[in-house]
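The values are calculated or read from the model by the stated rules, or taken from the named source; none is laboratory data. What you see is a predicted model, and the numbers here were worked out from it, not measured in a lab. Quick reminder, even Gly has a Cβ in these numbers, built from the backbone with ideal geometry, and neighbours come from all protein chains shown. Surface accessibility is based on the protein's heavy atoms, side chains included, excluding ligands, DNA and RNA. Shrake-Rupley method; radii C 1.70, N 1.55, O 1.52, S 1.80 Å.
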Amino acid sequence: MTGITNKSIQIFSPGFPNDASIPCDFILKVDPGMLVQVEILLLEANSCCDHLVLYEGTLGGNVIADDKVQKGSLFNTKTQNFMRVSWQPKGGVNVKGMM
C-alpha cells in the first residue's frame, strides 16, 4: 500500500430506508496501490433470505464477507483496489436494507 486516504462515500441499497427488496451491486475503486475498506454503518435484513456479500475485485472475485457482515464491521480488500458490494435480497420485506 502506497498511502492512506480518508476519502469516504456512503452507499445505500435502492429504496433505503423504506424498501430493501431491490438487488444491486456497487463497484468500489481506489487508486492503484491502495486497498478498499468498507465499514457497515447499518444492516437491517431478514436473516432467512437477505444477504450483503463483499467480494475482492469486480466479477468472480473471492468472497471477503457474507455471514459475518453486521453493523460496525470493517472489511478490506487484500490485494486489489476494487471491491464489489452486492445487496442480494430474497424478500427485503419490512427491513431498511444496507448503508
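Under 9 Å between Cβ atoms, at least 6 apart or on separate chains: pull out the pairs that start in segment 81-96 with a residue that is farther than 15 Å from Gly15 by Cβ and open to solvent by 10 Å² or more (accessible area, probe 1.4 Å) and end on any residue that is among the aliphatic types (A, V, I, L, M) and in a loop (DSSP other than H, G, I, E, B).
Here the result reads Asn81/Val30; Asn81/Met34; Asn81/Leu35; Asn81/Val36; Phe82/Val30; Phe82/Val36; Arg84/Leu59, each pair linking segment 81-96 to a residue that is among the aliphatic types (A, V, I, L, M) and in a loop (DSSP other than H, G, I, E, B).
Among residues belonging to segment 50-64 that are among the hydrophobic types (A, V, I, L, M, F, W, C) and either touching a His at 6+ places or on another chain (Cβ under 8 Å) or surrounded by 17 or more Cβ atoms within 10 Å (Cβ to Cβ) (or both), point out the one that is farthest from Ala20 (Cα to Cα).
Ile64
Residue check, Lys71 against (1) in contact with a strand residue (DSSP E or B) (Cβ under 6 Å, 6 or more places away or on another chain); (2) modelled with pLDDT under 95; (3) open to solvent by less than 100 Å² (accessible area, probe 1.4 Å), all met but one. Which one?
(3)
Can you name the residue in segment 17-45 that is touching a residue at least 60 places away in the same chain (Cβ under 8 Å) and among the charged types (D, E, K, R) and, of all such residues, is surrounded by the most Cβ atoms within 10 Å (Cβ to Cβ)?
Step by step, filter segment 17-45, then rank; the result is Asp19.
Output the number of residues of segment 1-16 satisfying the condition of being open to solvent by less than 60 Å² (accessible area, probe 1.4 Å) and either at pLDDT 90 or above or closer than 19 Å to Lys96 by Cα (or both).
The number of residues fulfilling the criteria is 5.
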